[in-house]
Amino acid sequence: MAMKYDFDISNFTKIINSDAVPTHDNSGLDLEFGNAEITIKKPYIDADGDQMGNSIFILHDNGLCVSMRIESGFLFTFYREKKEDSFKSLEAASPEHIKQFAWQTWTAIVDYIEKAEEEGDLEEGRYPAFEKQFGIYGVPYDLERLFEFENEHGGGTYADGFCLTTIDKTGLKTYSEEGSFLRSFIEFATATAGGSTYAIWVINENLDKCPVVVFGDEGGIHPVAKNTEDFLRLLSYDVEITVGWDSAYFYKGDWREEESENREAFVQWLKENLKLDPITTDEEANLILKVASDQFADSLYDFLIK
């Protein structure tokens with residue numbers, strides 16, 4: 001099981017997805033630890049349609065700079081000692097004082113975010129902001145209950161790459177700025193550490209009965225669940241969805257042995273509160289995707305083409 005200070009994709013994503021980091025302000029969260037300035041940014045799409053953010057940038061007043069970023073599903077860390085230097089990859093063989101500085105700053109960031117969330121400094125306004133994006137429809141019952149669970153256990157701790165959040169229409173506008181398009185999708189959560197998102201396709205006033213789709217951070221829009229109930233079962237599989245232009249699928253394989261910190265608590269919550277059984281195999285997960293695709297893919301693609 002991953003420890004909270006482990007520098008890995010799971011813990012990095014938890015920091016990025018924290019409500020301490022602004023969602024609608026692309027300048028991010030600014031912190032100061034000693035002589036170091038830190039900027040943490042959620043993923044966002046810039047005016048040119050490029051994926052930005054998803055990063056932690058650390059600058060010491062002596063010129064030392066460390067950059068941490070998730071890109072294409074991989075976590076990269078680079079450093080430079082002086083402004084005139086080129087960035088180098090931070091590795092085991094890097095200078096000891098560089099590694100020590102990066103580690104001390106990383107642990108300080110983890111402690112800061114954890115303390116802010118424990119003290120409830122972010123509680124006020126979080127649900128109203130989440131609720132507002134659903135407009136006149138209201139938050140689907142299943143997602144409302146999931147919000148309560150996540151509020152207790154933390155985003156990014158029970159399903160790999162997943163966190164409920166508020167998302168503006170910036171990303172959607174890179175596909176189309178047509179009003180009918182923008183009104184038809186409500187993004188509500190991260191799907192991967194790389195910036196893919198989950199959204200409800202609004203084809204019914206009862207959003208619990210609407211399909212859930214995934215928007216790939218590098219392209220591709222695909223149905224993943226026929227309703228929110230099936231979607232919650234998918235989350236129990238605790239593996240990021242893989243999204244391409246032509247398809248989306250789940251693959252866990254033998255390489256991923258560690259599960260998310262609160263995955264068992266989530267599975268138990270699903271059984272006790274929603275009477276849902278967890279997903280345990282690639283085949284089960286992809287069957288849910290297939291059912292959704294068989295029912296909605298053609299009409300979704302026709303809508304997108306229009």
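The values are calculated or read from the model by the stated rules, or taken from the named source; none is laboratory data. As the structure is a computational prediction, the values presented were derived from the model and not from experiment. Counting neighbours? That spans all protein chains shown, and the Cβs are built from the backbone with ideal geometry, glycine included.
Side notes on the structure shown:
- The residues of the range 224-244 that are of a type outside the set (Gly, Ala, Ser) and out of contact with any Asp or Glu (no Cβ under 8 Å at 6 or more places or on another chain), listed by number, are VAL224, LYS226, ASP230, LEU234, LEU235, ILE241, THR242.
- Within the range 54-163, helices (runs of 4 or more DSSP H) holding 3 or more residues that are more than 21 Å from TYR44 (Cα to Cα) and modelled with pLDDT of 90 or more: 96-118, 141-153
- All conditions but one from (1) surrounded by fewer than 23 Cβ atoms within 10 Å (Cβ to Cβ); (2) under 27 Å from PRO128 (Cα atoms) apply to VAL224; the one that does not is (1).
- Candidate set: the range 132-175, residues that are closer than 17 Å to VAL214 by Cβ and hydroxyl-bearing (Ser, Thr, Tyr); chosen: the one nearest to the chain's Cα centre (by Cα): THR165
- Among residues of the range 81-91, those that are exposed (fewer than 14 other Cβ atoms within 10 Å of the Cβ) and more than 28 Å from the chain's Cα centre (by Cα), counted: 5
- Check on LEU274, hydrophobic (A, V, I, L, M, F, W, C) and closer than 12 Å to PHE231 by Cα: no
- Where ASN62 falls short, out of the listed (1) farther than 30 Å from LEU172 by Cα; (2) surrounded by 12 or more Cβ atoms within 10 Å (Cβ to Cβ); (3) in contact (Cβ under 8 Å) with a residue 24 or more places away in the chain: (2)
- Filtered residue count, the range 21-45, keeping only those that are hydroxyl-bearing (Ser, Thr, Tyr) and touching a residue at least 60 places away in the same chain (Cβ under 8 Å): 2
- When the range 68-80 is filtered for residues that are touching a helix residue (DSSP H, G or I) at 6+ places or on another chain (Cβ under 7 Å) and surrounded by fewer than 16 Cβ atoms within 10 Å (Cβ to Cβ), nothing remains.
- Residue that is surrounded by the most Cβ atoms within 10 Å (Cβ to Cβ) [pool: residues in the range 10-20 that are farther than 18 Å from THR105 by Cβ and out of contact with any Cys (no Cβ under 8 Å at 6 or more places or on another chain)]: ASP19
- Residue that is surrounded by the fewest Cβ atoms within 10 Å (Cβ to Cβ), among those in the range 27-53 that are charged (D, E, K, R) and in a strand (DSSP E or B): GLU32
- Subset tally (residues that are outside any loop (DSSP other than H, G, I, E, B) and at pLDDT 85 or above) for the range 173-211: 20
- Only one of the numbered conditions (1) hydrophobic (A, V, I, L, M, F, W, C); (2) at pLDDT 90 or above; (3) buried (at least 21 other Cβ atoms within 10 Å of the Cβ) is not met by ILE167, and that is (2).
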